[in-house]
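The values are calculated or read from the model by the stated rules, or taken from the named source; none is laboratory data. All figures in this text were calculated on a predicted structure; none of them were measured in a lab. All Cβ positions, even for glycine, are placed from backbone atoms using ideal geometry, and neighbour counts span all protein chains on display.
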Amino acid sequence: MASEENNRGAFAIQEYYCRTMAAPIYARLCTALGQGLSRDSETGRHVLDWPGEPTRDALPLRLIGGLHALVLAGGDDELAAIFAGEIDDLAAISTALPGILRRNDAALLPWLSGPPQTNEPGRSAALMTGLLEVARRHGPKIEILEIGSSAGLNLLIDRYRFDLGGVMIGPADSPVAIMPEWRGLPPADAPIEIISVRGCDVAPMDATDPAVARRLAAYVWAETPERSARLKAAVEMVREKSVDLEKADAADWIEARLVEPQPEGVTRVLMHSVVWQYLPERVAERIRVAMKAAGAAATPKRPIAWVMMEPNRAFARPEVRVWSRPGVAAWEIVATAHAHGSWIAGGPPDDVGKGIAAPQSAEIDLS
């Protein structure tokens, strides 16, 4: 149920995520916003009266994306000092924020109207970990169908170079090399050949448009400059050779793709990352039904698989899950990861320690 308490609580959940993901500047900002938001600004009123489920809607990241856009545009020196860590006292940040919001209402409100489109190439490394497991099970040839592709930067997954705990994949001369810190069990070292990569999004973005590139940059956390550099390099790759990205409802698109002829010896894979929480339940259920039907019809010569990187809210980390047919009866968690792919831990999770409680409405049904 929507309430001011739940809306403030979303910032506490995001603070836990940021702190767990080694982003102290954003963690402090989330705490200051959650505790100090007031109705003195239109932005504050809009956030406190948010009608939806704020965690599933990524309400804190919508607002912080708008704030970061102001900083990148040179629009507010006081805010820039907070994002740079020069103002790091929580009380000082809380004192500064009401005035920052009031004087920037017009610029900030549009950022609340749509979900973040954090098109992070680093997530491709976690997804590749899942694809390697699919290749181990069913053979090297894979056809990828990605939903929620945003600007399509993860559709470059066949063009990136990966170092996954010493397992090297992709073109050695790629302008983007993704080398996450590897923890735990090594990934499946299986031959892999990506035959095709296609994607869809309900509101796709053209990464080659300078305005879109600026929007994508605003969703990169300010304390991770290496992500900004990687984002720019990935956008240049799209400029050099475009990706196959369509505007479509995810369920409509997947239903249509799954009935297309499937080449013998190629595994058809549904792939997505940090997307499921944004899908209306009717769309998610149609995808479940379509994949279940495709799995029932799958054969050893024409397998079907599902690879996802989606968050476990209790422990503030995404999990890489793999499902495939025929032959495997249940979902398997093959890795956990940093939200932006800076580290990956192979194998099932080791849930040692205390997580954070989230409202039941914020939970994501990944079944």
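Residues in segment 1-17 that are part of a loop (DSSP other than H, G, I, E, B) and either without any contact (Cβ under 8 Å) to a residue 24 or more places away in the chain or closer than 14 Å to Leu63 by Cα (or both): 1 in all. List the pairs whose first member sits in segment 295-323 and is under 17 Å from Gly122 (Cα atoms) and not assigned by TED's automatic domain parsing to the domain that holds Leu258, whose second member is surrounded by fewer than 18 Cβ atoms within 10 Å (Cβ to Cβ) and modelled with pLDDT under 95, and whose Cβ atoms are under 7 Å apart, counting only residues at least 6 apart or on separate chains? Close Cβ pairs satisfying both conditions: none exist. In this entry, Val243 is excluded by the filter for residues that are closer than 24 Å to Arg62 by Cβ, surrounded by 14 or more Cβ atoms within 10 Å (Cβ to Cβ), modelled with pLDDT of 95 or more and touching a helix residue (DSSP H, G or I) at 6+ places or on another chain (Cβ under 6 Å). When Ser41 is tested against (1) at pLDDT 95 or above; (2) closer than 25 Å to Val212 by Cα, only condition (2) is not met.
You will find that of Ser113, Ser149, Ser174, the residue that is within 23 Å of the chain's Cα centre (by Cα), within 30 Å of Val259 (Cα to Cα) and of a type in the set (Gly, Ala, Ser) is Ser149 and no other. So is Leu67 in a helix (DSSP H, G or I), at pLDDT 95 or above, under 22 Å from the mean Cα position of the chain (by Cα) and closer than 12 Å to Leu112 by Cβ or not? Yes: the conditions hold for Leu67. For segment 35-50, what are the residues that are outside any loop (DSSP other than H, G, I, E, B), of a type outside the set (Ser, Thr, Tyr) and touching a residue at least 40 places away in the same chain (Cβ under 8 Å)? Passing the criteria: Gln35, Gly36, Glu42, Gly44, His46, Val47, Leu48. Counting only residues that are part of a loop (DSSP other than H, G, I, E, B) and of a type outside the set (Phe, Trp, Tyr), how many does segment 206-220 have? Residues in segment 206-220 being part of a loop (DSSP other than H, G, I, E, B) and of a type outside the set (Phe, Trp, Tyr): 5 in total.
Scanning segment 152-167 for residues that are within 14 Å of the chain's Cα centre (by Cα) and at positive phi yields a single hit, Gly152. Considering the conditions (1) out of contact with any strand residue (DSSP E or B) (no Cβ under 9 Å at 6 or more places or on another chain); (2) farther than 29 Å from Pro191 by Cβ; (3) surrounded by fewer than 22 Cβ atoms within 10 Å (Cβ to Cβ), Asp249 is excluded by exactly one of them, (1). With respect to (1) surrounded by fewer than 18 Cβ atoms within 10 Å (Cβ to Cβ); (2) modelled with pLDDT of 95 or more; (3) within 23 Å of Arg161 (Cβ to Cβ), the lone exception for Ser228 is condition (2). Within segment 174-205, the set of residues being crowded, with 20+ Cβ neighbours inside 10 Å, in a loop (DSSP other than H, G, I, E, B) and in contact with a Phe, Trp or Tyr (Cβ under 9 Å, 6 or more places away or on another chain) comprises Val176, Pro180. Where helices (runs of 4 or more DSSP H) sit wholly within segment 75-150, those with at least 2 residues that are closer than 23 Å to Glu223 by Cα and at pLDDT below 95 occupy 90-103. Cβ-Cβ contacts under 7 Å between residues 6 or more apart (or on different chains), taken from a first residue in segment 18-32 that is within 10 Å of Ile93 (Cβ to Cβ) to a second residue that is among the aliphatic types (A, V, I, L, M) and not in a helix (DSSP H, G or I), are listed as Ile25/Ala222.
Cβ separations smaller than 6 Å between residues 6+ apart or across chains give the following pairs from segment 65-87 residues that are under 18 Å from Cys18 (Cβ atoms) to residues that are of a type outside the set (A, V, I, L, M): Gly65/Trp111; Gly65/Pro116; Gly65/Tyr219; Gly66/Trp111; Val71/Phe83.
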